[in-house]
Amino acid sequence: MQNGTMKAWLDSSYLAGANQSYIEQLYEDYLTDPDSVEHSWKILFQQLPANGLPPDQFHSQTRDYFRRLAKDPARFGQSFNDPQTDAKQVKVLQLINAFRFRGHQQANLDPLGLWKQEPVPDLDPAFHNLSAEDFDETFNVGSFAVGSETMRLADIYRALQQTYCGTIGAEYMHLTNTDEKRWLQQRLESVMGQPSFNAEEKRRFLRELTAAEGLERYLGAKFPGAKRFSLEGGDALIPMLKELIRHAGLHGTREVVLGMAHRGRLNVLINVLGKHADELFDEFAGKHKDHLGTGDVKYHMGFSSDMATEGGPVHLALAFNPSHLEIVSPVVMGSVRARRDRLDRTRSDIVLPITIHGDAAVTGQGIVQETLNMSQARGYEVGGTVRIVINNQIGFTTSNPLDARSSQYCTDIGKMVQAPIFHVNADDPEAVAFVTRLALDFRNTFKRDVFIDLVCYRRHGHNEADEPSATQPVMYQKIK
């Protein structure tokens, strides 16, 4: 065995490391002219595996190339950034993050223009030690999803303002799920606050707004002083709901259950669920009272119907509701859970719950918190609810938030269940439609609640018999 080992060593001794340069020179001679080397070396080199690769290159040339490259000072002249430039790059990324966290505080949300917004220092480039001279410099945008890796600071700042300080104010950085945050960043930042709709979609929004306003005006003229809890000022709710149902139907939803209080209920009955207008007019005129049974008022009544969508028919059910504004929320959850269990328990998108709240009631009535608490519990979850707040900035006669709640927004309660919150100016119908689709897509993707804060106003008093100018003179001077 020892003799065999010794023989193998002697047969391969020419491959010792000390002979590397000699063998490499022989190999390069072979590559130049195979007949220039001794026959035994030629046979050895021919037996080297080629594996279908092109002919080998001179190793000495490759080695010399990298030696020259390593000595070239120009090669490294731009690869090491100036520390000051690196610091500014960090500041730019901090500015982007500041807009994601606090841009909503400077968003153009109030149709009346009465909000007194305090300056947010974090949104000023100067706060991050970025000067006017830096605006022409180009920086990496990091994860800012604008479709470009680098941009001038001036363009970055403009895009941030359009995305986070326009008519949409997005609150989502409180979410602890990174995938949810990145998904929302991509959807929000890719359009930079300027969603695109075709001409037919815009005409449809206009028709739906006109129908909503036309009904309210007719009822006001035909039945002056009658209680109807008008939607005027928040007419955008109608195209919002119809867009929500259309988009849901397109993605496989077969039933929608709505729960809401009295504000705008009559308009929803006519323009969303398709109740015949003459039936409503007869109720205002006092006809058919003998058929009411309970004698309940018309703005507590429920209804059901079917709506055609591109994805197929969708059954709509509006739950009955008493004057306890928010008590319907858990009723809707129970109805949706029962319907889903009956149809297909594995598909949370087959039945969609929508609850509509007032800005005062959503924070003032504890049933909302109780319902949110059950929203992710295994026995009660419904795959997320789209919660819309008709934020007319006044609760009966209280309009100053300092007197109404202890949080900045009426929707802050949604943060207890990690719900994203989208504030939107009701006077921008395209922003309303964009937020509606975004909210539903989030709900269907992540099976979680989502809030839409529809910031609008109330054209009349708490009901049409009230005169609000006595308690809110500044607001109603602006409205009228």
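Taking the Cα centre of the chain as origin and assigning +1 to Lys and Arg Cβ atoms and -1 to Asp and Glu Cβ atoms, the resulting dipole is close to 1560 debye.
Subtracting the Cα-Cα distance from 0.36 nm times the residue separation, let me have the gained length for residue 155 to residue 466 in nm, one decimal.
The residue 155-residue 466 span can extend by a further 107.0 nm.
Going by neighbour counts of Cβ atoms within 10 Å, the residues 219, 237, 93 line up, fewest first, as 93, 219, 237. Net charge dipole, region 199-479: roughly 520 debye, given to the nearest 20, about the Cα centre with Cβ charges of +1 for Lys and Arg and -1 for Asp and Glu. DSSP beta bridges confined to the chain are antiparallel in about 35 percent of cases.
As a rough footprinting exposure proxy, the listed residues 380, 157 were ranked by other beta carbons within 10 Å of their own, and the order from fewest upward is 380, 157.
Hey, any idea what Rg/Rh is for the chain, computing Rh the Kirkwood way over Cα pairs?
1.26
Could you state the angle between the C-alpha long axis of helix 178-189 and the longest principal axis of the C-alpha atoms of the chain, as a value from 0 to 90 degrees rounded to the nearest 10? The two axes meet at around 80 degrees.
Of 426, 99, 237, which is farthest on the positive side of the dipole of the chain, counting Cα position, with +1 on Lys and Arg Cβ, -1 on Asp and Glu Cβ, and the Cα centre as origin? Ranked along the dipole, the leading option is 237. Just to be sure I understand: of the beta bridges DSSP finds with both ends in region 199-479, what percent are antiparallel, rounded to 5? Roughly 25 percent of the beta bridges in region 199-479 run antiparallel, per DSSP. In straight-distance terms, cross-link reach from residue 88 covers every one of the aspartates and glutamates whose alpha-carbon lies under 17 Å from its own, apart from those fewer than eight places away in the same chain; here that gives 122, 124, 133, 134, 136, 137, 149, 155. Look at where the Cα atoms of region 407-432 and of region 82-108 average out, and the two centres are 23 Å apart. Stretched out straight at 0.36 nm per residue, the stretch from residue 416 to residue 89 would grow longer than its current Cα-Cα span by 114.3 nm.
Think of region 199-479 as having a plus end and a minus end, set by charges on the Cβ of Lys, Arg, Asp and Glu; of 322, 251, 343, 343 sits farthest toward the positive end of this dipole. In terms of its C-alpha gyration tensor, region 391-439 comes out oblate, because a/c is 1.5 or above while a/b does not outweigh b/c. In terms of its alpha-carbon gyration tensor, region 199-479 comes out rounded; the largest-to-smallest axis ratio a/c stays below the 1.5 threshold.
The count of lysine pairs in region 199-479 whose Cα atoms are under 27 Å apart, excluding pairs fewer than 8 places apart on the same chain, comes to 24. With a Förster radius of 41 Å applied to the beta-carbon distance between residue 173 and residue 304, the computed FRET efficiency rounds to 0.55. Compared with the dominant principal axis of the Cα atoms in the chain, helix 59-71 is inclined by about 60°. Computed from Cα atoms, the angle from the helix 328-343 axis to the main principal axis of the chain rounds to 60 degrees.
Each of 409, 218, 27 was scored by other Cβ atoms within 10 Å of its Cβ. Arranged with the fewest first, they read 218, 27, 409. Converting phi to 3J(HN,Hα) with the Karplus coefficients 6.51, -1.76 and 1.60 and the offset θ = phi - 60°, region 447-455 yields 6, 10, 5, 9, 10, 10, 9, 7, 7 Hz in sequence order, with x at every glycine or proline. Counting 0.36 nm for each residue step from residue 376 to residue 199 and taking away their Cα separation leaves a gain of 59.8 nm.
Read-outs: derived from the displayed coordinates by stated rules, not from any lab. Note that the structure is a prediction, hence the values are computed from the model and not measured. Note: ideal-geometry Cβ built from the backbone for every residue, glycine included; neighbour counts use all protein chains shown.
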